[in-house]
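As structure tokens, the structure follows; a few thoughts come after it.
The values are calculated or read from the model by the stated rules, or taken from the named source; none is laboratory data. Keep in mind that what you see is a predicted model, and the values were worked out from it rather than measured. Cβ placement follows ideal geometry from the backbone for every residue including glycine, while neighbour counts extend to all protein chains displayed.
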Amino acid sequence: MQADLICVGNELLTGLVENSNAGFLARRLCSVGIPVSEISVVADDEKVIRAALGKALKACDLVILTGGLGPTDDDITREAVAAILGLPLVLNRKWLEKMEQFFCKRGLKMPKNNRKQALVIEGSTILENKRGTAPGSMIEHEGSLIVLLPGPPHELQMMFDEQVLPYLVGHNRGNLTTVKTLKCIGLGESMLEEKIKSAGEWDLPQISYVARGFEVDLQIKGCGDPASASAALADAEKRLRSALGTYIFGSDDQTLAGTVAEILIAGKLTLGLAESCSGGLLSDIITDIPGSSKFYRGGVVVYNPDAKVEVLGLSRSLLNHEGEVSDAVARAMAEGARSLFRADLGVGITGIAGPDSDLSGSPVGLVYVAVSSPDLCDSMELNFGGGRRAVKERSAQIALDMIRKIVLTGN
């Protein structure tokens, strides 16, 4: 099975909306051995959609279209697909009733134009939308499968994972390209490759290196029948974990924050944060994790020197002597956060996000991150490139990795 993705929407072509659906679908398909041969973005134009679909059907046996299933006049994906298949649109009364109930529960009367969303291609299988009013659908056509999905990512993702992906896995035939992703932090792409090669010569499946800030994804691909591909990946993962050790923090859909959460919960440890240049980003990342209340006690953004004194209890003499952006202040912030929130671990982050330096003349991108525990207080001096957002994101990444390593290794 091979797939083409057609993403419909003028907003994608103008840049008003980022096309995150393409990346999501490509990753999901790749994870079950279905390669994507082409991703196209087309306008809300029936002729253009029909041309893209006609081309895709000649090349692939799976075509997924996203977007254009809404209630307005420019939502014409279902009409375009029905036209190229030579099939009529028919009213699905069950979905019409669900939409009416959707609006009724919100104390609203359903607008007349939403009725359009209950029109489906004759002979298609409806995909229930649990988060919106646009149903998806699947239909077979001359040996190919066409899938229509809504454009809003939170609707598309649930629909695809719960209804489309299981169907594709059950119907995929022949050899597979099985993929395993190992997630690393602490070494760049080139250094990771050197470390892997230094472990000795052995038959390694194809590896792709993808850098994400200070993280690097190792995407390993095994080809062949399911048993052979899985065995090759299992052997490769075992060897890579042996070679890279704690530089690997997770795999596949795991995140660094999620891994840290698992470690803290397993160890029954609590965490408090004191952030300056990161502006609360680390707290935001952590509280995105379900169950973070089991370990996260709280955080403060102490952006001003007065806040560092009044909230965390730092001394003014320390700030004046060492400077707000210094190793000593980061350590004091970490200790202050641990004390303030009565936590097992405290984190302090202070730095210069830019675009201008502070009064001390320190370089933009200079950041100090410290992690405090009852037994030690570790810190790192970092110099980041990029703009303010990059400095904030990378500061949070490093802080998470420091927490992980301190809990795992004790130093």
Residue satisfying condition, being in contact with a Cys (Cβ under 9 Å, 6 or more places away or on another chain) and either outside the structural domain of Leu25 (by TED's automatic domain parsing) or in contact (Cβ under 8 Å) with a residue 40 or more places away in the chain (or both), within set Ser144, Ser137:
Ser144
Only one of Leu96, Leu91, Leu108 is in contact (Cβ under 8 Å) with a residue 24 or more places away in the chain and in the same structural domain as Glu11 (by TED's automatic domain parsing); which?
Leu91
Scanning region 103-153 for residues that are in a loop (DSSP other than H, G, I, E, B) and farther than 26 Å from Asn10 by Cβ gives Arg106, Gly107, Leu108, Lys109, Glu122, Gly123, Glu128, Lys130, Glu142, Gly143
Within region 88-102, the residues that are assigned to a helix (DSSP H, G or I) and surrounded by 15 or more Cβ atoms within 10 Å (Cβ to Cβ) are Trp95, Leu96, Lys98, Met99, Glu100, Phe102
Residue pairs meeting the criteria (Cβ under 7 Å; at least 6 apart or on separate chains; first free of Cβ contacts under 8 Å to residues at least 24 places away in the same chain, in region 213-238; second in a strand (DSSP E or B) and surrounded by fewer than 19 Cβ atoms within 10 Å (Cβ to Cβ))
none
Return only the number of the condition from (1) surrounded by 18 or more Cβ atoms within 10 Å (Cβ to Cβ); (2) out of contact with any Phe, Trp or Tyr (no Cβ under 7 Å at 6 or more places or on another chain) that Ile185 does not satisfy.
(2)
Identify the residue in region 252-283 that is of a type outside the set (Ser, Thr, Tyr), without any contact (Cβ under 8 Å) to a residue 60 or more places away in the chain and over 30 Å from Leu29 (Cβ atoms) and, among all such residues, is surrounded by the most Cβ atoms within 10 Å (Cβ to Cβ).
Gly280
If we only count helices (runs of 4 or more DSSP H) wholly inside region 228-313, which ones have 1 or more residues that are among the hydroxyl-bearing types (Ser, Thr, Tyr) and under 25 Å from the mean Cα position of the chain (by Cα)?
256-266, 281-287
Considering region 288-312, residues that are under 13 Å from Ala343 (Cβ atoms) and of a type in the set (Lys, Arg), and then whichever is surrounded by the most Cβ atoms within 10 Å (Cβ to Cβ), we arrive at Arg297
Regarding Gly365, is this residue without any contact (Cβ under 8 Å) to a residue 24 or more places away in the chain and on the phi > 0 side of the Ramachandran plot?
no
Does Phe295 satisfy the condition of being without any contact (Cβ under 8 Å) to a residue 40 or more places away in the chain, under 30 Å from Leu187 (Cα atoms) and of a type in the set (Phe, Trp, Tyr)?
yes
For region 156-166, state whether one or more residues are surrounded by 14 or more Cβ atoms within 10 Å (Cβ to Cβ) and either of a type in the set (Ser, Thr, Tyr) or not assigned by TED's automatic domain parsing to the domain that holds Lys58 (or both).
no
Take region 69-87 and flag every residue that is crowded, with 18+ Cβ neighbours inside 10 Å and closer than 18 Å to Thr133 by Cβ.
Leu69, Gly70, Asp75, Ile76, Thr77, Arg78
Using the structure shown, decide if Ala337 is assigned to a helix (DSSP H, G or I), over 19 Å from Leu271 (Cα atoms) and touching a Leu at 6+ places or on another chain (Cβ under 9 Å).
no
Might you let me know whether region 42-63 holds any residue that is of a type in the set (Val, Ile, Thr), outside the structural domain of Leu233 (by TED's automatic domain parsing), surrounded by 16 or more Cβ atoms within 10 Å (Cβ to Cβ) and part of a loop (DSSP other than H, G, I, E, B)?
no
Inspect all residues belonging to region 346-357 and state whether any of them is in contact (Cβ under 8 Å) with a residue 40 or more places away in the chain and assigned to a helix (DSSP H, G or I).
no
So in region 165-188, with the set limited to residues that are assigned to a helix (DSSP H, G or I) and over 20 Å from the mean Cα position of the chain (by Cα), which one is modelled with the lowest pLDDT?
His171
Do you know which residues across region 137-159 are within 18 Å of Asn19 (Cβ to Cβ) and either among the basic types (Lys, Arg) or touching a Phe, Trp or Tyr at 6+ places or on another chain (Cβ under 8 Å) (or both)?
Leu149, Pro153, Leu156, Gln157
